[in-house]
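What follows is a single structure, written as structure tokens, with notes after it.
The values are calculated or read from the model by the stated rules, or taken from the named source; none is laboratory data. These figures come from a predicted structure and were not determined experimentally. Note that we place each Cβ from the backbone using ideal geometry, even for glycine, and neighbour counts take in every protein chain shown.
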Amino acid sequence: AQKVTQAQTEISVVEKEDVTLDCVYETRDTTYYLFWYKQPPSGELVFLIRRNSFDEQNEISGRYSWNFQKSTSSFNFTITASQVVDSAVYFCALSPNAGGTSYGKLTFGQGTILTVHP
Amino acid sequence: EAQVTQNPRYLITVTGKKLTVTCSQNMNHEYMSWYRQDPGLGLRQIYYSMNVEVTDKGDVPEGYKVSRKEKRNFPLILESPSPNQTSLYFCASSYRAWDEQFFGPGTRLTVL
């Protein structure tokens, strides 16, 4: 069975602070994909990033960056210089590659509620 | 416009009254799935479908049924809804299971 844990239920920061959202996963599969999704107050789910388990390079996209460490089974998400518009629920998710033991299943974490105050 | 549609968006019903939530995508995606979102529990997968006529259980399938007779449609059926199925439901689709998921707008279901 696979599992995704987001231990931080809620985080509150003031605008311009940096914030890191933690994601730890468990899987028996050797190849898999990790994702981050954002759910703003309007309720829709928005894709942010997908990372293949083969690729441990960190990724940066504007104020967003992701740190994937296979050794610690973590895929953390950092927002630099946070803004009020970053306020949302953020979900980390895991999906095995073709042929994996849980092939077809997509497992989400519990989500982290981020509130950025002006 | 590429999209996933769900209907209805809001539904209040009573225990035991069968209901269907429809889901349709216009992107020719092979993979479709249903999730429920509950506070503190995140998104939990109910059922998924790798292709037409191929469906499988997710983590919380009890009390739900699905069918995939056409590529674009993936309805969620609650044959005898109970109050513990009160939740926010999302349908999603993608080319393959491990690709970016495109989510519908959600259906808020209340079972009294």
query = So is B:D56 surrounded by 14 or more Cβ atoms within 10 Å (Cβ to Cβ), touching a strand residue (DSSP E or B) at 6+ places or on another chain (Cβ under 7 Å), of a type outside the set (V, I, T) and under 22 Å from A:T101 (Cβ atoms) or not?
reply = yes
query = Has the stretch B:64-72 got any residue that is hydroxyl-bearing (S, T, Y) and either in contact with a His (Cβ under 7 Å, 6 or more places away or on another chain) or not in a loop (DSSP other than H, G, I, E, B) (or both)?
reply = no
ask   = Taking B:E30, is it within 15 Å of B:C91 (Cα to Cα) and either of a type in the set (S, T, Y) or out of contact with any His (no Cβ under 6 Å at 6 or more places or on another chain) (or both)?
value = yes
message = Restricting to the stretch A:1-40, and then to whatever is over 18 Å from A:Q110 (Cβ atoms) and touching a His at 6+ places or on another chain (Cβ under 9 Å), can you tell me which residue is surrounded by the most Cβ atoms within 10 Å (Cβ to Cβ)?
response = A:V13
inquiry  = Criterion first (surrounded by fewer than 17 Cβ atoms within 10 Å (Cβ to Cβ) and within 11 Å of chain B (Cβ to nearest Cβ)) does A:E56 satisfy it?
reply    = no
ask   = From the residues in the stretch B:59-79 that are of a type outside the set (D, E, K, R) and in contact with a Lys or Arg (Cβ under 6 Å, 6 or more places away or on another chain), which one is farthest from the other protein chains (Cβ to nearest Cβ)?
value = B:I77
inquiry  = Consider the stretch B:80-95. How many of its residues are among the aromatic types (F, W, Y) and more than 10 Å from chain A (Cβ to nearest Cβ)?
reply    = 2
ask   = Can you tell me how many residues in the stretch B:1-22 are within 14 Å of chain A (Cβ to nearest Cβ), in a strand (DSSP E or B) and under 23 Å from A:T107 (Cα atoms)?
value = 3
query = Just wondering, is there one or more residues in the stretch B:32-40 that are out of contact with any strand residue (DSSP E or B) (no Cβ under 9 Å at 6 or more places or on another chain), modelled with pLDDT under 95, of a type outside the set (F, W, Y) and closer than 28 Å to A:Q8 by Cα?
reply = yes
message = When you check A:V116 against the structure, is it assigned to a helix (DSSP H, G or I) and either within 30 Å of B:S49 (Cβ to Cβ) or hydrophobic (A, V, I, L, M, F, W, C) (or both), yes or no?
response = no
remark   = B:N51 meets each of (1) at the interface with another protein chain (Cβ under 9 Å from one of its Cβ atoms); (2) at pLDDT below 95 with one exception, condition (1)
query = Scanning for something more than 14 Å from chain B (Cβ to nearest Cβ) and either without any contact (Cβ under 8 Å) to a residue 40 or more places away in the chain or over 18 Å from B:D59 (Cα atoms) (or both), does the stretch A:90-108 turn up at least one residue?
reply = no
inquiry  = Conditions first: (1) exposed (fewer than 15 other Cβ atoms within 10 Å of the Cβ); (2) in a strand (DSSP E or B); (3) of a type outside the set (S, T, Y). B:R44 passes all but one, so which condition is the exception?
reply    = (1)
ask   = Has the stretch B:84-98 got any residue that is in a loop (DSSP other than H, G, I, E, B) and over 24 Å from A:S95 (Cβ atoms)?
value = yes
Lone unmet requirement of (1) more than 11 Å from every other protein chain (Cβ to nearest Cβ); (2) within 25 Å of B:S87 (Cα to Cα); (3) hydrophobic (A, V, I, L, M, F, W, C) for A:I113 = (1)
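To keep it simple, each residue is scored yes or no on (1) closer than 20 Å to B:Q101 by Cβ; (2) acidic (D, E).
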| site | (1), (2) |
| --- | --- |
| A:A7 | no, no |
| A:V13 | no, no |
| A:D18 | no, yes |
| A:P40 | yes, no |
| A:F54 | no, no |
| A:E59 | yes, yes |
| A:W66 | yes, no |
